[in-house]
Amino acid sequence: MTQPNEDLEATYGPAAPFSEHQRGERVRYQINGFNYTGEIIWVAAAGNVKGKHLPLHYIVTPDPPNGLVDVILPSDVQA
């Protein structure tokens, strides 16, 4: 089930106005040397998260869904 934009923005921050990958897109990505696939559920604009600057980042539901999300950077996405 897709969450409304207001809920996603409240949870993950404002949407990025421009990005290479878009919400709903399936991507392959790497975290700590491991490869994953998943669906982008939100493209968050750069900003401060818990006092730490984060550049534009993607919120991804991994395959298979496990109730958690992965927060990845554009550099984590594999071609």
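The values are calculated or read from the model by the stated rules, or taken from the named source; none is laboratory data. In this text the structure is predicted, and so the values were computed from the model without any measurement. Neighbour counts are summed over all protein chains in view; Cβ atoms, including those assigned to glycine, are modelled from backbone coordinates with ideal geometry. Surface areas here come from the heavy atoms of the whole protein model, side chains and all, with no ligands, DNA or RNA. Shrake-Rupley method; radii C 1.70, N 1.55, O 1.52, S 1.80 Å.
General remarks:
- Residues of the stretch 62-73 that turn out to be within 17 Å of Arg23 (Cβ to Cβ) and open to solvent by 40 Å² or more (accessible area, probe 1.4 Å), as a count: 5
- The residues of the stretch 1-38 that are in contact with a helix residue (DSSP H, G or I) (Cβ under 8 Å, 6 or more places away or on another chain), more than 16 Å from Thr61 (Cα to Cα) and open to solvent by 60 Å² or more (accessible area, probe 1.4 Å) amount to a single one, Glu20.
- Any chance Leu56 is open to solvent by less than 60 Å² (accessible area, probe 1.4 Å) and not acidic (Asp, Glu): yes
- Elements of the type strands (runs of 3 or more DSSP E) sitting completely within the stretch 22-79 and holding at least 1 residues that are of a type in the set (Gly, Ala, Ser) and modelled with pLDDT under 95: these cover 47-49.
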